[in-house]
Amino acid sequence: MTPVETPLPPIPERPQYTFFVTLDYAAKSVSVSQTVIYPNDTGETLESLVLAVVPNMWPNCFHLTSLSIDNVSTADYTLSGQRLEVYLPSPLLPQEVVALSIDYTLSLPFAAQADPSQERPRIFGYTERQVNLTNWYPFIVPYLAGQGWILHDPWYYGEHLVYEAADYTVNFRTLNLTEGLVVASSGWLETDGEWKRYTLSAGRAFVFSVSPQFEVDSMQVDNVVLYSYYFPVMQAHRKGGQDVLMVTAQALELFSRRFGPYPHRTLSAVMGDFNDGMEYSAFFFMPRDFYNSSADTPQNYLTFVAAHETAHQWWFEAVASDQALEPWLDESLCNYSERLYYETYYPDLVAWWWPYRMYYYDARAKIDIPVYEGGGFQPYTNATYFRGAHFLEDLRTRIGDDAFFAFLKDYRLQYEGRIATSADFFTVLRQHTDADFSDLLQTYFKNPDR
């Protein structure tokens, strides 16, 4: 009798992350069991895996308790700062799969504590009103053939991490104040027992924000459920939370038409107990003080920042880029998306938005700078956000609306789930226009040969 071979399981399209997470809200601590199924689609043989462990940048925060490869415990790794390198017992050939399991605990830092690597407010940790789990788990960073693992040094402003798309199953529970806690997350809530199970497909960064003080409004746009979480400390905050929900809904409908369908089942806009906006998968934070500016007019920061952060679900999430070396690729597109929002819903305010938004503007800046050459927060934002928006406006004028929007939709389609570069951007652009825009490259780019 001929034995029947058991077929090998298919190689997953993306890395698969599975978590069991217990948050002790009162103790501000987290315990995690995590498994990563990693398919080697790099085209090269790998001797090790490199993971970003951002919580290890804070003293006494990250505590590794066990690590195993394919269910075999190992101590063959190095952990220094944010970099964890795990040495494999045998080389991982192209199209092979490895399973990495990690158990660890997090002692969350107080978010007001200064972060020596960042000038902007820090989000990870806890405040008096919320716990925020952002970049909280070790994740395998991208590997580029011929370059190796991509893990940049943090900087005083901007972002430094680069994310591969991955699939997530996150089992989450809370201890202490469990009955009063409201949980905002990146995922779709599939089960709601002691363990809440959230899922997310092709996401870049899975996050949570948890608070006993959250109030939440929601609505549905087509097949997407939108949530707005906020602290109802004053009536203005409640109105701000409702306005954020409305703007997010409008922006999602607009950007889905202009750029292609929104990639997830939910989108959560969360009021941060700090003054900064930040994007993650199916989730973004809004700055606390902007909720006080909500009024009966869309002429305010709350409106255009909510549109901006929504746009990151296309330019960061669907199409990723190297946020440290080429930040203009997502920030310019998101800033210009604010202009598209006003153009569509409040056309009379476009002329107001340009000078009001460009509060610090230097027409000499070049947009293609890494965060490390920004020269300070304001010069950096001027270059990558403001000058970048002017470049896109001039480009649109040069090639025409039909070509411009066909290009953006195709760019998203071709690089869906991938990490795009400036070269990719201009390759797709030239597939949609024969117009000469070399003078724009000379004006806006430090390296105009693109």
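Based on this model, can you work out whether P39 counts as surrounded by 16 or more Cβ atoms within 10 Å (Cβ to Cβ), at pLDDT 95 or above, touching a Cys at 6+ places or on another chain (Cβ under 6 Å) and of a type outside the set (A, V, I, L, M, F, W, C)?
Here the answer is no, as P39 does not meet what is asked.
Has segment 18-36 got any residue that is among the polar types (S, T, N, Q) and assigned to a loop (DSSP other than H, G, I, E, B)?
Looking through segment 18-36, none of the residues is among the polar types (S, T, N, Q) and assigned to a loop (DSSP other than H, G, I, E, B).
Does V86 satisfy the criteria of being in a strand (DSSP E or B), over 28 Å from G125 (Cα atoms) and in contact with an Asp or Glu (Cβ under 9 Å, 6 or more places away or on another chain)?
So V86 does not fit the description; no.
Within the set of pairs 6 or more residues apart or between chains, which connect a residue that is crowded, with 16+ Cβ neighbours inside 10 Å and aliphatic (A, V, I, L, M) inside segment 337-364 to a residue that is at pLDDT 95 or above and assigned to a helix (DSSP H, G or I) with Cβ atoms less than 6 Å apart?
Matching pairs, first to second residue: L349/Y342; M358/F386.
Mind checking which residues of segment 401-435 are free of Cβ contacts under 8 Å to residues at least 24 places away in the same chain and not in a helix (DSSP H, G or I)?
Of everything in segment 401-435, just one residue is free of Cβ contacts under 8 Å to residues at least 24 places away in the same chain and not in a helix (DSSP H, G or I), namely D434.
Looking only at segment 43-61, which residues are surrounded by fewer than 17 Cβ atoms within 10 Å (Cβ to Cβ) and either at positive phi or in a loop (DSSP other than H, G, I, E, B) (or both)?
Passing the criteria: G43, E44, T45, P59, N60.
Quick check on segment 62-83: of everything there that is surrounded by fewer than 19 Cβ atoms within 10 Å (Cβ to Cβ) and of a type in the set (A, V, I, L, M, F, W, C), which residue is modelled with the lowest pLDDT?
It comes out as A75.
Filter segment 97-145 for residues that are in a strand (DSSP E or B) and at pLDDT below 95; which is surrounded by the most Cβ atoms within 10 Å (Cβ to Cβ)?
Residue satisfying both the conditions and the ranking: L144.
The values are calculated or read from the model by the stated rules, or taken from the named source; none is laboratory data. Bear in mind the structure is a predicted one, so any value in this text is a computation, not a measurement. A quick note on method: Cβ atoms are made from the backbone with ideal geometry, for glycine too, and the neighbour counts reach across all protein chains shown.
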